[in-house]
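Undergrad: Have a look at the structure that comes next, please.
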Amino acid sequence: MPEFEPRRLLVTGGAGFIGGNFIRHMLAAHPDVRIVNLDLLTYAGNLASLADVEATHGPRGDNRYHFLHGDIADFGRVAGALAAHGIDTVVHFAAESHVDRSILGPEPFVITNVLGTLRLLEACRQAWGDRGDVRFHHVSTDEVYGSLGPEGAFTEETAYDPSSPYSASKASSDHLVRAWHRTYGLPVTVTNCSNNYGPYQFPEKLIPLVILNCLEGKPLPVYGRGANVRDWLHVEDHCRAVDRVLRAGRVGTTYNVGGEGETPNLRIVEMICDRVDALGLTPAGVASCRGLITFVADRPGHDFRYAIDFRRIRSELGWAPAVDLAEGLGRTVEWYVAHRDWCAAVRSGEYRRYYEEQYGNRGIMSGDR
Ligand code: NAD
Ligand code: TYD
(Lines give C-alpha, C1' and ligand atoms only; values in the text may rest on other atoms or scores of the structure.)
(Ligands and ions follow the chains in the order given, each with its own letter.)
Protein backbone atom coordinates (compact mmCIF):
# COMPACT_ATOMS: atom_id res chain seq x y z
CA MET A 1 0.00 0.00 0.00
CA PRO A 2 1.37 3.48 -0.80
CA GLU A 3 2.28 5.47 2.26
CA PHE A 4 0.26 8.51 3.34
CA GLU A 5 2.07 11.76 2.58
CA PRO A 6 1.38 14.54 5.06
CA ARG A 7 1.83 17.89 3.32
CA ARG A 8 -0.05 20.59 5.21
CA LEU A 9 0.08 19.91 8.92
CA LEU A 10 -1.67 21.52 11.85
CA VAL A 11 0.49 20.74 14.88
CA THR A 12 -1.26 21.54 18.17
CA GLY A 13 0.91 22.39 21.16
CA GLY A 14 3.95 23.02 18.98
CA ALA A 15 5.35 25.62 21.40
CA GLY A 16 5.71 22.89 24.02
CA PHE A 17 8.46 20.32 24.49
CA ILE A 18 7.57 17.43 22.18
CA GLY A 19 5.51 19.43 19.67
CA GLY A 20 8.41 21.85 19.14
CA ASN A 21 10.89 19.03 18.63
CA PHE A 22 8.43 17.42 16.21
CA ILE A 23 8.14 20.64 14.15
CA ARG A 24 11.95 20.81 13.89
CA HIS A 25 12.12 17.16 12.87
CA MET A 26 9.44 17.43 10.18
CA LEU A 27 10.76 20.64 8.61
CA ALA A 28 14.29 19.21 8.47
CA ALA A 29 13.34 15.72 7.26
CA HIS A 30 10.68 16.60 4.68
CA PRO A 31 11.26 19.63 2.42
CA ASP A 32 7.68 19.48 1.03
CA VAL A 33 5.98 19.77 4.41
CA ARG A 34 4.31 23.01 5.59
CA ILE A 35 3.31 23.42 9.23
CA VAL A 36 0.84 25.57 11.14
CA ASN A 37 1.55 25.54 14.88
CA LEU A 38 -1.62 26.19 16.92
CA ASP A 39 -0.72 26.88 20.54
CA LEU A 40 -2.38 28.73 23.41
CA LEU A 41 1.01 29.63 24.94
CA THR A 42 0.19 28.51 28.45
CA TYR A 43 2.99 28.54 31.04
CA ALA A 44 4.40 25.47 29.21
CA GLY A 45 4.40 26.96 25.73
CA ASN A 46 7.25 29.25 24.78
CA LEU A 47 7.99 30.78 21.41
CA ALA A 48 11.59 31.19 22.61
CA SER A 49 11.90 27.46 21.81
CA LEU A 50 11.15 28.10 18.13
CA ALA A 51 12.87 31.44 17.44
CA ASP A 52 15.34 29.89 14.96
CA VAL A 53 12.56 27.88 13.26
CA GLU A 54 10.55 31.08 12.84
CA ALA A 55 13.57 32.86 11.35
CA THR A 56 14.41 30.10 8.87
CA HIS A 57 10.98 28.79 7.98
CA GLY A 58 8.54 31.54 8.98
CA PRO A 59 7.00 34.15 6.66
CA ARG A 60 10.37 35.96 6.43
CA GLY A 61 12.16 32.70 5.64
CA ASP A 62 11.01 29.96 3.26
CA ASN A 63 7.44 30.34 4.54
CA ARG A 64 6.90 26.70 5.53
CA TYR A 65 6.08 27.48 9.16
CA HIS A 66 3.31 29.62 10.55
CA PHE A 67 2.45 30.24 14.22
CA LEU A 68 -1.20 30.66 15.20
CA HIS A 69 -2.07 31.71 18.74
CA GLY A 70 -5.23 29.95 19.87
CA ASP A 71 -7.05 27.37 21.94
CA ILE A 72 -7.81 23.88 20.61
CA ALA A 73 -11.13 24.19 22.45
CA ASP A 74 -12.05 27.22 20.26
CA PHE A 75 -14.00 25.47 17.48
CA GLY A 76 -14.14 28.55 15.24
CA ARG A 77 -10.41 29.16 15.51
CA VAL A 78 -9.57 25.56 14.63
CA ALA A 79 -12.16 25.36 11.81
CA GLY A 80 -10.79 28.62 10.35
CA ALA A 81 -7.21 27.31 10.45
CA LEU A 82 -8.12 24.00 8.81
CA ALA A 83 -9.85 25.80 5.94
CA ALA A 84 -7.43 28.72 5.51
CA HIS A 85 -4.35 26.49 5.33
CA GLY A 86 -5.83 23.51 3.48
CA ILE A 87 -4.78 21.21 6.32
CA ASP A 88 -4.60 17.47 5.47
CA THR A 89 -2.95 16.27 8.70
CA VAL A 90 -3.48 17.15 12.35
CA VAL A 91 -0.85 16.06 14.86
CA HIS A 92 -2.30 16.64 18.30
CA PHE A 93 0.20 17.31 21.10
CA ALA A 94 -1.55 20.17 22.94
CA ALA A 95 -2.37 19.19 26.50
CA GLU A 96 -1.93 20.01 30.13
CA SER A 97 0.87 17.53 30.73
CA HIS A 98 2.20 17.56 34.28
CA VAL A 99 0.89 14.98 36.79
CA ASP A 100 1.75 17.06 39.88
CA ARG A 101 -0.19 20.04 38.55
CA SER A 102 -3.15 17.78 37.79
CA ILE A 103 -3.20 16.73 41.44
CA LEU A 104 -3.17 20.35 42.60
CA GLY A 105 -5.79 21.53 40.07
CA PRO A 106 -7.47 18.98 37.79
CA GLU A 107 -9.96 21.22 35.98
CA PRO A 108 -7.69 22.64 33.23
CA PHE A 109 -6.74 19.05 32.42
CA VAL A 110 -10.33 18.12 31.68
CA ILE A 111 -10.99 21.35 29.78
CA THR A 112 -7.96 21.11 27.48
CA ASN A 113 -7.31 17.37 27.27
CA VAL A 114 -10.92 16.20 27.06
CA LEU A 115 -13.08 19.11 25.86
CA GLY A 116 -10.25 20.53 23.71
CA THR A 117 -9.72 17.17 21.99
CA LEU A 118 -13.46 16.84 21.40
CA ARG A 119 -13.65 20.27 19.72
CA LEU A 120 -10.59 19.51 17.61
CA LEU A 121 -12.12 16.21 16.47
CA GLU A 122 -15.39 17.93 15.62
CA ALA A 123 -13.66 20.66 13.64
CA CYS A 124 -11.77 18.00 11.64
CA ARG A 125 -14.92 15.96 11.05
CA GLN A 126 -16.73 19.01 9.76
CA ALA A 127 -13.84 20.19 7.58
CA TRP A 128 -12.94 16.81 6.12
CA GLY A 129 -16.32 15.05 5.77
CA ASP A 130 -15.67 11.51 4.57
CA ARG A 131 -12.28 12.20 2.97
CA GLY A 132 -9.84 9.33 3.34
CA ASP A 133 -6.74 11.29 2.24
CA VAL A 134 -6.35 13.03 5.61
CA ARG A 135 -5.07 12.02 9.06
CA PHE A 136 -5.70 12.89 12.70
CA HIS A 137 -2.81 11.67 14.83
CA HIS A 138 -3.29 11.72 18.59
CA VAL A 139 -0.26 11.75 20.90
CA SER A 140 -0.87 10.04 24.22
CA THR A 141 0.92 8.43 27.12
CA ASP A 142 1.61 5.00 28.62
CA GLU A 143 0.18 6.39 31.88
CA VAL A 144 -3.34 5.53 30.64
CA TYR A 145 -2.55 1.87 31.36
CA GLY A 146 -1.98 2.48 35.08
CA SER A 147 0.81 1.01 37.16
CA LEU A 148 2.90 -2.17 36.76
CA GLY A 149 4.56 -4.30 39.42
CA PRO A 150 8.16 -5.42 38.97
CA GLU A 151 7.36 -7.61 35.93
CA GLY A 152 5.61 -7.21 32.58
CA ALA A 153 5.03 -4.42 30.06
CA PHE A 154 2.05 -2.57 28.57
CA THR A 155 0.83 -3.78 25.19
CA GLU A 156 -1.74 -2.02 23.03
CA GLU A 157 -4.31 -4.47 24.44
CA THR A 158 -3.66 -3.68 28.12
CA ALA A 159 -6.88 -2.41 29.73
CA TYR A 160 -6.94 1.28 30.61
CA ASP A 161 -6.54 1.94 34.35
CA PRO A 162 -5.39 5.55 34.84
CA SER A 163 -4.38 6.77 38.32
CA SER A 164 -3.96 10.57 38.17
CA PRO A 165 -6.26 13.32 36.93
CA TYR A 166 -3.72 13.82 34.11
CA SER A 167 -3.74 10.19 32.96
CA ALA A 168 -7.54 9.96 33.38
CA SER A 169 -7.95 12.99 31.11
CA LYS A 170 -5.56 11.53 28.52
CA ALA A 171 -7.41 8.20 28.69
CA SER A 172 -10.68 10.05 28.00
CA SER A 173 -9.14 11.79 25.00
CA ASP A 174 -7.84 8.46 23.60
CA HIS A 175 -11.35 7.00 23.84
CA LEU A 176 -12.84 10.02 22.07
CA VAL A 177 -10.31 9.76 19.23
CA ARG A 178 -11.04 6.06 18.70
CA ALA A 179 -14.79 6.71 18.91
CA TRP A 180 -14.53 9.38 16.18
CA HIS A 181 -12.94 6.73 13.97
CA ARG A 182 -15.45 3.98 14.74
CA THR A 183 -18.52 6.20 14.66
CA TYR A 184 -17.72 8.81 12.03
CA GLY A 185 -14.91 7.14 10.07
CA LEU A 186 -12.36 9.88 10.87
CA PRO A 187 -8.96 8.50 9.77
CA VAL A 188 -7.11 8.48 13.10
CA THR A 189 -3.93 6.96 14.48
CA VAL A 190 -2.84 6.99 18.14
CA THR A 191 0.53 6.60 19.86
CA ASN A 192 1.04 5.93 23.57
CA CYS A 193 4.62 6.57 24.59
CA SER A 194 6.77 6.51 27.69
CA ASN A 195 8.46 9.43 29.48
CA ASN A 196 10.24 11.72 27.04
CA TYR A 197 13.46 13.61 27.74
CA GLY A 198 15.70 15.90 25.71
CA PRO A 199 16.09 19.58 24.77
CA TYR A 200 13.39 22.20 25.43
CA GLN A 201 11.53 20.26 28.16
CA PHE A 202 9.94 22.60 30.63
CA PRO A 203 11.89 22.45 33.93
CA GLU A 204 9.06 21.09 36.07
CA LYS A 205 9.48 17.45 34.93
CA LEU A 206 12.02 15.26 36.71
CA ILE A 207 15.01 15.41 34.36
CA PRO A 208 15.24 19.16 33.56
CA LEU A 209 14.22 20.07 37.13
CA VAL A 210 17.04 18.00 38.56
CA ILE A 211 19.58 19.33 36.05
CA LEU A 212 18.77 22.96 36.88
CA ASN A 213 18.63 22.34 40.63
CA CYS A 214 22.10 20.74 40.40
CA LEU A 215 23.45 23.75 38.54
CA GLU A 216 21.84 26.11 41.07
CA GLY A 217 22.83 24.11 44.17
CA LYS A 218 19.21 23.51 45.20
CA PRO A 219 17.77 20.32 46.78
CA LEU A 220 16.95 17.52 44.33
CA PRO A 221 13.47 16.35 45.41
CA VAL A 222 13.08 12.56 45.06
CA TYR A 223 9.55 11.37 45.80
CA GLY A 224 9.31 8.49 48.27
CA ARG A 225 12.47 6.38 48.13
CA GLY A 226 13.12 6.99 44.43
CA ALA A 227 12.31 3.35 43.60
CA ASN A 228 9.56 4.13 41.06
CA VAL A 229 10.54 3.10 37.56
CA ARG A 230 9.97 5.03 34.34
CA ASP A 231 10.91 4.07 30.78
CA TRP A 232 12.81 6.99 29.21
CA LEU A 233 12.42 7.77 25.52
CA HIS A 234 14.56 10.40 23.81
CA VAL A 235 12.31 13.01 22.22
CA GLU A 236 14.05 12.62 18.82
CA ASP A 237 13.22 8.91 18.81
CA HIS A 238 9.63 9.79 19.69
CA CYS A 239 9.39 12.31 16.82
CA ARG A 240 10.65 9.69 14.36
CA ALA A 241 8.02 7.28 15.67
CA VAL A 242 5.15 9.75 15.18
CA ASP A 243 6.44 10.54 11.67
CA ARG A 244 6.52 6.82 10.86
CA VAL A 245 3.01 6.18 12.20
CA LEU A 246 1.62 9.15 10.25
CA ARG A 247 2.98 7.76 6.99
CA ALA A 248 2.60 4.03 7.40
CA GLY A 249 0.41 3.38 10.46
CA ARG A 250 -2.87 1.53 9.91
CA VAL A 251 -5.84 3.87 10.29
CA GLY A 252 -7.72 3.21 13.53
CA THR A 253 -4.67 1.62 15.14
CA THR A 254 -2.76 2.38 18.35
CA TYR A 255 1.02 2.00 18.55
CA ASN A 256 2.98 1.89 21.80
CA VAL A 257 6.33 3.69 21.69
CA GLY A 258 9.05 2.85 24.22
CA GLY A 259 12.66 3.82 24.78
CA GLU A 260 14.21 0.63 26.21
CA GLY A 261 15.27 2.93 29.04
CA GLU A 262 13.65 1.52 32.18
CA THR A 263 15.34 3.12 35.20
CA PRO A 264 14.41 3.81 38.84
CA ASN A 265 14.08 7.52 39.57
CA LEU A 266 16.93 7.62 42.09
CA ARG A 267 19.29 6.15 39.49
CA ILE A 268 18.26 8.81 36.93
CA VAL A 269 18.95 11.53 39.50
CA GLU A 270 22.36 10.01 40.31
CA MET A 271 23.26 9.80 36.61
CA ILE A 272 22.46 13.50 36.21
CA CYS A 273 24.48 14.37 39.33
CA ASP A 274 27.49 12.45 38.06
CA ARG A 275 27.32 14.14 34.67
CA VAL A 276 27.14 17.63 36.19
CA ASP A 277 30.09 16.76 38.45
CA ALA A 278 32.05 15.41 35.47
CA LEU A 279 31.54 18.73 33.66
CA GLY A 280 33.18 20.48 36.61
CA LEU A 281 29.93 22.26 37.52
CA THR A 282 29.40 20.95 41.06
CA PRO A 283 27.96 23.89 43.01
CA ALA A 284 29.81 25.41 45.96
CA GLY A 285 29.04 23.87 49.35
CA VAL A 286 28.75 20.20 48.30
CA ALA A 287 31.44 17.67 47.43
CA SER A 288 29.26 16.22 44.68
CA CYS A 289 25.76 16.88 43.35
CA ARG A 290 24.56 13.64 44.96
CA GLY A 291 24.83 15.55 48.25
CA LEU A 292 21.80 17.60 47.13
CA ILE A 293 19.48 14.58 46.89
CA THR A 294 16.52 15.10 49.25
CA PHE A 295 13.87 12.42 49.79
CA VAL A 296 10.47 14.09 50.05
CA ALA A 297 6.83 13.07 50.56
CA ASP A 298 5.61 10.68 47.89
CA ARG A 299 3.18 11.75 45.17
CA PRO A 300 -0.39 10.61 45.98
CA GLY A 301 -1.43 7.73 43.69
CA HIS A 302 2.17 7.45 42.46
CA ASP A 303 2.33 4.74 39.76
CA PHE A 304 5.13 2.35 40.63
CA ARG A 305 6.41 1.30 37.23
CA TYR A 306 5.81 1.87 33.52
CA ALA A 307 7.26 -0.37 30.81
CA ILE A 308 6.34 -0.54 27.14
CA ASP A 309 6.06 -3.47 24.79
CA PHE A 310 6.64 -1.81 21.41
CA ARG A 311 6.75 -4.93 19.23
CA ARG A 312 3.86 -3.67 17.06
CA ILE A 313 5.57 -0.49 15.83
CA ARG A 314 8.86 -2.34 15.46
CA SER A 315 7.49 -5.24 13.42
CA GLU A 316 4.91 -3.32 11.35
CA LEU A 317 6.70 -0.04 10.78
CA GLY A 318 10.37 -0.85 11.37
CA TRP A 319 10.79 1.73 14.13
CA ALA A 320 13.06 1.21 17.16
CA PRO A 321 14.63 3.69 19.57
CA ALA A 322 18.16 4.69 18.58
CA VAL A 323 19.34 6.92 21.44
CA ASP A 324 21.00 5.14 24.35
CA LEU A 325 19.82 6.52 27.71
CA ALA A 326 23.25 7.29 29.21
CA GLU A 327 24.37 9.04 26.05
CA GLY A 328 21.05 10.89 25.55
CA LEU A 329 20.96 11.99 29.18
CA GLY A 330 24.55 13.26 28.93
CA ARG A 331 23.66 15.30 25.85
CA THR A 332 20.56 16.63 27.60
CA VAL A 333 22.59 17.83 30.60
CA GLU A 334 24.97 19.58 28.20
CA TRP A 335 22.04 21.18 26.34
CA TYR A 336 20.67 22.69 29.56
CA VAL A 337 24.12 23.92 30.57
CA ALA A 338 24.44 25.64 27.18
CA HIS A 339 20.92 27.11 27.23
CA ARG A 340 20.67 28.86 30.57
CA ASP A 341 19.16 31.88 28.79
CA TRP A 342 16.29 29.72 27.51
CA CYS A 343 15.77 28.32 31.02
CA ALA A 344 15.64 31.83 32.48
CA ALA A 345 13.20 32.98 29.79
CA VAL A 346 10.73 30.12 30.25
CA ARG A 347 10.84 30.34 34.03
CA SER A 348 10.36 34.08 34.20
CA GLY A 349 6.59 34.19 33.73
CA GLU A 350 3.48 32.62 35.07
CA TYR A 351 5.19 29.30 35.80
CA ARG A 352 7.49 30.79 38.39
CA ARG A 353 4.66 32.52 40.17
CA TYR A 354 2.52 29.38 40.20
CA TYR A 355 5.35 27.15 41.34
CA GLU A 356 6.52 29.50 44.07
CA GLU A 357 2.98 30.08 45.27
CA GLN A 358 2.59 26.32 45.69
CA TYR A 359 5.96 25.36 47.04
CA GLY A 360 7.96 28.46 47.87
CA ASN A 361 11.46 27.90 46.54
CA ARG A 362 12.02 24.68 48.46
CA GLY A 363 10.96 22.12 45.88
CA ILE A 364 8.19 19.74 46.92
CA MET A 365 9.18 18.93 50.47
CA SER A 366 7.80 16.45 52.98
CA GLY A 367 4.64 17.65 54.58
CA ASP A 368 3.51 19.80 51.67
CA ARG A 369 0.75 17.35 50.90
P1 NAD B 1 4.14 20.48 27.24
O2 NAD B 1 3.42 20.74 28.51
O3 NAD B 1 5.61 20.75 27.15
O4 NAD B 1 3.48 21.36 26.07
C5 NAD B 1 2.09 21.45 25.91
C6 NAD B 1 1.84 22.55 24.86
O7 NAD B 1 0.40 22.62 24.64
C8 NAD B 1 2.26 23.93 25.33
O9 NAD B 1 2.94 24.61 24.28
C10 NAD B 1 0.94 24.64 25.67
O11 NAD B 1 1.00 26.05 25.48
C12 NAD B 1 0.00 23.98 24.68
N13 NAD B 1 -1.40 24.02 25.11
C14 NAD B 1 -1.89 23.71 26.34
N15 NAD B 1 -3.24 23.88 26.34
C16 NAD B 1 -3.59 24.27 25.09
C17 NAD B 1 -4.83 24.59 24.47
N18 NAD B 1 -5.97 24.52 25.15
N19 NAD B 1 -4.82 24.95 23.17
C20 NAD B 1 -3.65 25.03 22.47
N21 NAD B 1 -2.45 24.75 23.01
C22 NAD B 1 -2.42 24.38 24.30
O23 NAD B 1 3.80 18.98 26.85
P24 NAD B 1 4.74 17.87 26.20
O25 NAD B 1 5.56 17.25 27.25
O26 NAD B 1 5.37 18.42 24.98
O27 NAD B 1 3.64 16.79 25.77
C28 NAD B 1 3.02 16.84 24.50
C29 NAD B 1 2.00 15.71 24.39
O30 NAD B 1 2.64 14.46 24.58
C31 NAD B 1 0.88 15.79 25.44
O32 NAD B 1 -0.33 15.43 24.81
C33 NAD B 1 1.29 14.75 26.48
O34 NAD B 1 0.16 14.20 27.11
C35 NAD B 1 2.00 13.73 25.60
N36 NAD B 1 3.03 12.94 26.28
C37 NAD B 1 4.07 13.57 26.91
C38 NAD B 1 5.05 12.79 27.52
C39 NAD B 1 6.25 13.43 28.19
O40 NAD B 1 7.08 12.72 28.74
N41 NAD B 1 6.42 14.74 28.14
C42 NAD B 1 4.95 11.39 27.53
C43 NAD B 1 3.87 10.80 26.90
C44 NAD B 1 2.92 11.59 26.27
P1 TYD C 1 7.63 13.43 35.91
O2 TYD C 1 8.80 13.94 35.16
O3 TYD C 1 6.73 14.41 36.59
O4 TYD C 1 6.81 12.51 34.87
P5 TYD C 1 5.57 11.49 35.16
O6 TYD C 1 4.97 11.81 36.46
O7 TYD C 1 4.66 11.82 34.02
O8 TYD C 1 6.16 10.11 35.07
O9 TYD C 1 8.13 12.38 36.99
C10 TYD C 1 8.92 11.27 36.65
C11 TYD C 1 9.12 10.46 37.90
O12 TYD C 1 9.94 11.19 38.81
C13 TYD C 1 7.85 10.14 38.65
O14 TYD C 1 7.95 8.84 39.20
C15 TYD C 1 7.79 11.18 39.75
C16 TYD C 1 9.26 11.43 40.05
N17 TYD C 1 9.62 12.80 40.44
C18 TYD C 1 10.44 13.00 41.56
O19 TYD C 1 10.84 12.05 42.25
N20 TYD C 1 10.78 14.29 41.90
C21 TYD C 1 10.36 15.38 41.17
O22 TYD C 1 10.69 16.54 41.54
C23 TYD C 1 9.54 15.15 40.02
C24 TYD C 1 9.05 16.31 39.21
C25 TYD C 1 9.20 13.84 39.69
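Undergrad: For the stretch 193-237, give me each residue that is charged (D, E, K, R), within 15 Å of ligand 1 (Cβ to nearest atom) and in contact with a strand residue (DSSP E or B) (Cβ under 7 Å, 6 or more places away or on another chain).
TA: Arg230, Asp231
Per-residue answers, yes or no, for (1) within 16 Å of ligand 2 (Cβ to nearest atom); (2) in contact (Cβ under 8 Å) with a residue 40 or more places away in the chain:
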| position | (1), (2) |
| --- | --- |
| Glu157 | no, no |
| His175 | no, no |
| Val190 | no, yes |
| Tyr200 | yes, yes |
| Val210 | yes, yes |
| Gly226 | yes, yes |
| Arg230 | yes, yes |
| His234 | yes, yes |
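Undergrad: Can you tell me how many residues in the stretch 52-69 are within 20 Å of the chain's Cα centre (by Cα) and open to solvent by less than 60 Å² (accessible area, probe 1.4 Å)?
TA: Total satisfying the criteria: 3.
Undergrad: Right, something else. Name the residue, out of Thr117, Thr158, that is among the polar types (S, T, N, Q) and closer than 23 Å to Arg247 by Cα.
TA: It is Thr117.
Undergrad: Out of Ala15, Ala44, I need the residue that is part of a loop (DSSP other than H, G, I, E, B), within 15 Å of ligand 1 (Cβ to nearest atom), closer than 22 Å to Leu118 by Cα and touching an Asp or Glu at 6+ places or on another chain (Cβ under 6 Å). Which one?
TA: Residue meeting the stated conditions: Ala15.
Undergrad: May I pose another question? Go through the stretch 88-140 and count every residue that is touching a strand residue (DSSP E or B) at 6+ places or on another chain (Cβ under 6 Å) and without any contact (Cβ under 8 Å) to a residue 60 or more places away in the chain.
TA: Residues flagged as touching a strand residue (DSSP E or B) at 6+ places or on another chain (Cβ under 6 Å) and without any contact (Cβ under 8 Å) to a residue 60 or more places away in the chain within the stretch 88-140 amount to 3.
Undergrad: Tell me the residue from Ser173, Ser140, Ser97 that is closer than 19 Å to Ala241 by Cβ, of a type outside the set (A, V, I, L, M, F, W, C), open to solvent by 30 Å² or more (accessible area, probe 1.4 Å) and within 9 Å of ligand 1 (Cβ to nearest atom), please.
TA: Ser97
Undergrad: Within the stretch 72-88, does at least one residue satisfy the condition of being among the small types (Gly, Ala, Ser), within 16 Å of ligand 2 (Cβ to nearest atom) and open to solvent by less than 70 Å² (accessible area, probe 1.4 Å)?
TA: Scanning the stretch 72-88, I find no residue that is among the small types (Gly, Ala, Ser), within 16 Å of ligand 2 (Cβ to nearest atom) and open to solvent by less than 70 Å² (accessible area, probe 1.4 Å), so the answer is no.
Undergrad: Filter the stretch 269-307 down to residues that are part of a helix (DSSP H, G or I) and in contact with a Cys (Cβ under 8 Å, 6 or more places away or on another chain) and give me whichever is nearest to Ser164 (Cα to Cα).
TA: Step by step, filter the stretch 269-307, then rank; the result is Ile272.
Undergrad: Another question about this same structure. Please count how many residues of the stretch 258-304 are in contact with a Lys or Arg (Cβ under 7 Å, 6 or more places away or on another chain) and of a type in the set (Phe, Trp, Tyr).
TA: 1
Undergrad: Looking at the structure I just gave you, is Asn192 touching a helix residue (DSSP H, G or I) at 6+ places or on another chain (Cβ under 7 Å), closer than 19 Å to Asp303 by Cβ and surrounded by 24 or more Cβ atoms within 10 Å (Cβ to Cβ)?
TA: When the stated conditions are applied, Asn192 passes them.
Here is a yes/no grid of residues against (1) within 16 Å of Asn195 (Cβ to Cβ); (2) exposed (fewer than 15 other Cβ atoms within 10 Å of the Cβ):
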| position | (1), (2) |
| --- | --- |
| Arg299 | yes, no |
| Asp303 | yes, no |
| Ala307 | yes, no |
| Ile313 | no, no |
| Glu316 | no, no |
| Val323 | yes, no |
| Gly328 | yes, no |
| Val333 | no, no |
| Arg340 | no, yes |
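The values are calculated or read from the model by the stated rules, or taken from the named source; none is laboratory data. Predicted model only: the values in this text are computed from it and were never measured. All Cβ positions, glycine included, derive from the backbone under ideal geometry; neighbour counts span all protein chains shown. Note: areas computed on protein heavy atoms with side chains; ligands, DNA, RNA excluded. Shrake-Rupley method; radii C 1.70, N 1.55, O 1.52, S 1.80 Å.
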